[in-house]
Structure formats: C-alpha cells, structure tokens
Amino acid sequence: MRQRFFYLFVLTTLLVSCSGGKEKYRIGISQCSADIWRDKQNAELRMGAYFHDNVELKFAAAYDSDERQVQQIDSLVNDGIDLLIVAPNQVQTISPAIDRAYDKGIPVIVFERKTSSRKYTAFISADNYEMGRVMGDYIISRLHGQGTVLEIKGLEGSSPAIERHKGFMDAIEKVPGIKVVGSLQGDWTETTAYESTKQWLQNNKDVRVDLVFGANDRTAMGARKALGAGVLYCGIDGLPGENGGIQLVRDSLLDASYIYPTHGDQIIELAVNILEGKPYEKETMLMSALVTSDNAKVLLMQGEELMRQADRLDELHNKADNYLHELDTQRIVNWLAIGIIALLIIVFVLFYLHYLRKIALQRERVVNTLWNMPESVAVPESLEESEKQKETETIDSTDDTDETEPAAVSIFITRFKEVVEARLADSDVSVEDLAADMNLSRVQLYRKVKAISGSSPVELLRTARLNRAYQLLLTTDKSVSEVAYSVGFTAPSYFTKCFKEEYGMVPGDVKK
C-alpha cells in the first residue's frame, strides 16, 4: 500500500508540474551603456518578449566599461543563455568575448555597434555612416555653403562614432566654404562634451563657431551649455518624450537631430526566428529620418502617442501577467485538489478491499477452525508419547490400549464434539463436567484434547460457542444478546469482547 501511495504522489507531482511542451529560451542582452536611448530600447525589448511567452530576458549594462562588458558577456554565457544580443562598447576590445560565445555554439546578434570579427549570427542597426552624411548635407544647406563647424565626436573606438564622423566629413569636405574648426573627442555624455568644449573655447577664444555637430543629442547639448545661444546645434538620436531630441528641436534648443531607431521589438523577433530555425536576414539596416523644425511637432506627437500606447500595453501585460500567475496558482491548487481526492478515493477503495478480505478470512477461519477439524486425522506424535507414559501415571483404567489408533482418535473427536455441543447453552458447564460426560478424568481429557488440537478444553469450548454464535448471527434474526445467552455467555459485553478477539470484528458487523 505504501508503494501505491508513492506512485500516486509521483503522478500527482508530474501533473502539477506539467506545462506546455514549448521550449523555453533564455536571451542575454549586453548593453554597452545605460542612458535614455537604451532605456527606450530595453523597454521595447521587454515589449517584444511579451508576444513570446517562452522567452526570458537577462539584461546587463557595462556603463561604458570594456572590462565590465567582457565580464558580463562571459557571465551570461556561463549562465547558460540560448542567444546573446550585444551592443559592443568598442570594436576591438569586446570582440574576443563575443567570439568566445559564438564558438560555444551560442547565436549572437550584434546590434547598433559593430564588432571587428565576423563571428556573429546577425547584425541589425541603422546606417551610422548615412546619418553622418545626411547631417553633413543638412549643415551645408543650413549654413548656405559658408561657415564654421565644431564637431564633438562619440566614444573613441566605437563603430557609430567612427562611421558618423566619416559620413559627416565626407559630406563637408566637398564644400570648400564650410570649415571644421575642431573635432573634439567625446564619449556620448553631456558632461564630457561640456568640459571638452569649454577647454577648447579657452584655447580658441578668437575662433568663431557658427554650428556645432554633436555625435549625439547629449553631446550637442553639452556644447550648448559651454557656448550658449547664438550658435546652431545639431545632434543624432532624435528620441521622443521628455527632453528627447525631437522635443529639443521643437523647442529650438537643437536646430536638427536624426532619429536613431531603437526597435527592440524587432530585435526580439529576429532572435526568436534564429532560435526557432526560421528564415532571417544576416544584415538588417533600420530606416531613419531627419528631424527639423518643420516636422518636429508632428514627430513628437506621434512619438508621445506611441509611448502612451506602449505604456498602456505594458500595463495590460502586467495585468495579464498577474492574472496568468493567479490562474497558474489556481491550476496548481486544482491539480492538488484532484490529486488529494484521487488519493482519498484510492485509500477508501483499498481500505474497503482490505475490509472485505478481512471478512472473507474470518469466514474462512470459522470454516477451518480447530473446532471444525476433520474427524479422520492422523494421530499426533504428542498423543502417542503421552499414551506411552500413561502406564506410569495414575489414570483411569477404562482407557483402551488402542486409543492412539486413528479410528480411536476420530471416535474421541466425534464424542468430544457431541458432548461440548450438548452443553453449549449451559453457562455453568466446567471441564470436570465435560470429562465426566466422556467417562474420563479431568487430566485425561485435558491431555488428549491438548495433544490432538493444541488447545485446552476450555479454549475449544469457547471456540465452539463463538463458532455457533457466528452461525446464528449469519442465519437467524436473533439479537446479539439473544445469541450470547443461547451459546452459554452470561454477559453480552463479555461475549462481544471474546467475539472481537476471535474474529477481529464485533458481532454487529456480521449482520451487516
């Protein structure tokens, strides 16, 4: 029975823990930095994962540290991710860590920034060279082909900074009337741009600046803090929302920006296609657009609406997530309840079968009791030995010498049954009375009965009474008390006690 309980418990556990057969994917995301642009992208990545309930995202941000990003990539790989999405901080320094992940068979999506190696599964980004070139053409147009420009570059060694600078310079160099008075090294942050511009200004007080081109909107705004009004400022990122590039253009703090698309949801879709073996493009270039005062208001309205919808979707997802969590909890409770009910039913059935078996065994015991032993039996060795010692004891001389023969034993048993059954109703009958009825002494009767049956005359008398009582309970309508008195018990309570000891149940159970 214990084994059955164990198997039932295992089955219940499997049913509770059973979920859909859909494979779960763990995707590691290594961001080179943490800023407003990446916050937006991370939100889109999470939103993209909402549509794939078998995707788990693990984020890591290096905060512009090559060493930290290498450690984070190795840690994600060691954690057993199924796919790596990475924006390398710099081209050369991060590539070895990406190569290690790729060599371990982990698909790698490089986004936004390039790696110096070809060991990646897919690349997705906007065209940074094209952004720089378009902004160069816009600056030429804005300055009508004549003027001075101060450039604040992005992080040294990062592919967007390299490509934006190259695209910008390729456009500017075609127009002799536009002069680049300085290309300052930045790191994408407003603080560094402010400090670099301020120091340059101290060393170049007599140099006039008509326009500042920042590698991103933050560097352009850092330069604005150093140079003040009266200069045009252009950047790249064009983020929607509060203090984003589009708003800065609308409010005339920036003259122009260029939307650098984040598209985190598209990156997740690409990742799932790779993991599920679906077709995908190895190189994907995202569409982008120039932001000026002519379209900033409309773009800002569109961006704000999309953000509201995204926030609403995020809220709905959280509600759905909570609902599904409650549903999963309820499902577990239901499975546990079903398991418990099934367990109780099985226990009840097993107990009932055990009870029926017990009744059957007791009935079999009544049939095969020593009292119902066959009258033709072999002579027990103990009886032969006792008869051999009979001559040395003081016993009644009426015993025949052939009492140990089978025929004599059968006659003895038959006679003993007759005597006992004739006196069953007599509650005062004693062993001496039974011995006298059989013309034996008390000692002779005890020795012979014990040798043949292994029980004493008193035990057999009680067995005979209980046997008769069992038959009466099965075949008559007599009450328990009436049966007890009819078989020689003086107290029904004592009869019930003896009956339970003999058959393992009370007399009332026999009638049931």
- Task: Note down the nm distance, to one decimal, between modelled labels 7 Å out along Cα→Cβ at residue 67 and at residue 319.
- Result: 4.9
- For the chain, longest principal axis from Cα atoms; helix 190-203 axis from its Cα atoms; angle between them, nearest 10 degrees, is 20
- Message: Apply the Karplus curve 6.51 cos²θ - 1.76 cosθ + 1.60, θ = phi - 60°, to the phi angles in the range 176-186 and return the couplings in whole Hz, x for Gly and Pro.
- Response: x, x, 9, 10, 8, 7, x, 10, 8, 7, x
- Note on the structure: Inverse of <1/r> over all distinct C-alpha pairs of the range 309-358, i.e. the Kirkwood Rh in Å, gives 13.9
- Message: Above 16 Å lies some portion of the pair distances; for the range 463-504, what is it as a whole percent of all C-alpha pairs?
- Response: 21
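Plugging the Kirkwood radius over Cα pairs into Stokes-Einstein for the range 242-358, at a temperature of 20 °C and a viscosity of 1.002 mPa s, what D comes out in µm²/s?
Diffusion coefficient, whole number: 106 µm²/s.
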- Give the dimensionless ratio obtained when the Cα radius of gyration of the range 134-285 is divided by 2.2 N^0.38 Å. 1.16
- Stick to the Cα atoms of the range 74-207, pair each with every other, and give me the Kirkwood hydrodynamic radius in Å at one decimal. 16.8
- Item | Cα-Cα pairs of the chain separated by more than 44 Å (percent) | 52
- Message: How large is the convex hull of the C-alpha atoms of the range 401-512 per residue, in Å³?
- Response: 104
- Message: Would you report the distance distribution of C-alpha pairs in the range 208-302 as whole percents per 10 angstrom bin, up to the bin with the largest distance?
- Response: 16, 39, 22, 16, 6, 1
- Item | Estimated vicinal HN-Hα couplings, Hz - the range 116-123 in sequence order (Karplus 6.51, -1.76, 1.60; Gly, Pro = x) | 7, 10, 9, 7, 8, 7, 8, 10
- Please list the non-local residues whose amide H lies under 5 Å from the amide H of residue 114, H modeled 1.01 Å from N, same-chain partners needing a gap of 5 or more. 159
- Note on the structure: dims of the range 42-138, Cα set, principal axes, largest to smallest, nearest Å -> 47, 33, 24
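What length, rounded to one decimal in nm, is gained on full extension from residue 356 through to residue 181, with 0.36 nm per residue of separation minus their alpha-carbon distance?
Here the answer is 52.6 nm.
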- Message: Between the range 33-68 and the range 437-512, what is the separation of their alpha carbon centroids in Å?
- Response: 86
- Could you look at the chain and say what percent of its accessible area is carbon and sulfur, using a 1.4 Å probe and all protein chains? 54
- Message: With angles folded into 0 to 90 degrees, how steeply does helix 296-367 sit against the dominant principal axis of the chain? Use alpha carbons for both and round to 10.
- Response: 10
- Query: To the nearest 10 degrees, how steeply does helix 492-503 sit against the main Cα axis of the chain, on a 0 to 90 scale?
  - Reply: 70
- Relative contact order in percent for the chain (Cα pairs under 8 Å, 6+ apart) equals 10
- For the range 428-467, list log₁₀ I(q)/I(0) at each q in 0.14, 0.36 Å⁻¹, using the Debye formula over Cα point scatterers of equal strength and ignoring solvent, two decimals each. -0.27, -1.18
- When the Karplus curve 6.51 cos²θ - 1.76 cosθ + 1.60 is applied with θ = phi - 60°, which whole-Hz ³J(HN,Hα) does each residue of the range 96-113 get, with x for Gly and Pro? x, 5, 5, 4, 5, 5, 5, 5, 7, x, 8, x, 10, 10, 9, 10, 6, 10
- Provide the solvent-accessible area of residue 165, counting protein heavy atoms only and rolling a 1.4 Å probe, rounded to the nearest 10 Å². 50
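When ligands, DNA and RNA are left out and all protein chains stay put, how many square angstrom of accessible area per residue does the range 435-475 have with a 1.4 Å probe?
Per-residue accessible area for the range 435-475 comes out at 41 Å².
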- Message: Which aspartates and glutamates, if any, have their Cα less than 18 Å from the Cα of residue 511, not counting same-chain residues under 8 positions apart?
- Response: 364, 477, 482, 501, 502
- Separation between Cα centres of the range 123-143 and the range 164-227, rounded to whole Å: 15
- Message: Which three extents, in angstrom, do the Cα atoms of the range 150-213 have along their principal axes, listed largest first?
- Response: 29, 28, 14
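Which entries of 58/114; 58/225; 119/166; 153/205 show an alpha-carbon separation above 31 angstrom in the structure shown?
Over 31 Å apart, Cα to Cα: 58/225.
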- Note on the structure: Mean projected area (nm²) from the convex hull of Cα positions in the range 203-250 is 3.5
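The values are calculated or read from the model by the stated rules, or taken from the named source; none is laboratory data. Predicted model only: the values in this text are computed from it and were never measured. Positions of Cβ are backbone-derived with ideal geometry, glycine not excepted, and every protein chain shown enters the neighbour counts. In case anyone asks, the SASA skips ligands and DNA or RNA and just uses the protein heavy atoms, side chains included. Shrake-Rupley method; radii C 1.70, N 1.55, O 1.52, S 1.80 Å.
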